[in-house]
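Quick note: the coordinates plus some simple rules give every number you see, no bench work behind them. None of these values were measured; they are calculated from a predicted model. All Cβ positions, even for glycine, are placed from backbone atoms using ideal geometry, and neighbour counts span all protein chains on display.
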Amino acid sequence: MYVDGVLSKYYIGMLWDNLIKERTDEHRRNKLKDPNYINIDHTIEILSLLDLISKDKYENLMRLKRIRNKVIHKLYEPSAKEAEELYNMAFNILLQLMK
């Protein structure tokens with residue numbers, strides 16, 4: 001489960017970094033990369049609104065984020081079905097990163 005969260009966070013971060021690198025100066029980039037200013041939820045929403053991720057990818061990333069947060073913050077134990085689903089999502093993200 002931890003690997004799923006790391007991969008999705010890395011993937012989202014990579015997309016976000018590419019977006020702000022192209023459109024901002026260094027001062028704005030530093031602010032937009034500060035987790036106290038913008039969190040992963042905001043980042044996914046913005047990437048979706050700008051059509052930089054598909055609706056399916058948005059839904060998958062939000063689901064992965066929700067379950068990851070439940071596991072980390074509420075000690076939730078995902079079912080075997082959820083774990084397999086999350087593994088498959090993380091595997092697909094890893095494949096995209098390797099392209």
Per residue of the chain, what 222 nm ellipticity follows from adding -39500 (n - 2.57) for every DSSP H run with n ≥ 4, rounded to the nearest 500? -26500 deg cm²/dmol
What is the distance, in nm, between label points placed 7 Å from the Cα along the Cα-to-Cβ direction at residue 6 and at residue 23? 3.0 nm
What's the angle, to the nearest 10 degrees (0 to 90), between helix 2-23's Cα axis and the longest principal axis of the chain? 20 degrees
Order these by the 10 Å Cβ neighbour count, fewest first: 61, 15. 15, 61
Dipole moment magnitude, nearest 20 debye, the range 2-98 about Cα centre, only Lys, Arg, Asp, Glu C-beta charged: 220 debye
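Efficiency by 1/(1 + (r/R0)^6): what FRET value for residue 50 and residue 74, r their Cβ-Cβ distance, R0 = 25 Å, to the nearest 0.05?
That gives a FRET efficiency of 0.20.
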Helix 55-74 against the longest principal axis of the chain: what's the angle in degrees, Cα atoms only, rounded to the nearest 10? 70 degrees
Where is the GNM fluctuation largest for the chain (alpha-carbon springs, 10 angstrom cutoff): 26, 85, 59? 26
Per-selection Kirkwood Rh - the range 50-99 (Cα, Å, 1 d.p.): 11.8 Å
Only loop residues by DSSP count here, and only those with at most 10 other Cβ atoms within 10 Å; note down the chymotrypsin sites (Phe, Trp or Tyr not before Pro) in the chain that meet that. 37
How long are the three semi-axes of the equivalent ellipsoid of the range 2-98, in whole Å, if each is the root of 5 times an eigenvalue of the C-alpha gyration tensor, listed from largest down? 25, 15, 11
In the structure shown, of 9/57; 31/70; 57/99; 33/55, the pairs separated by more than 20 angstrom at the C-alpha atoms are 31/70; 33/55
Taking Cα pairs closer than 8 Å and at least 6 residues apart, the relative contact order of the range 1-80 in percent is 33 percent
If you build a Gaussian network model of the chain, linking Cα atoms that sit under 10 Å apart, which residue out of 46, 38, 67 swings the most? 38
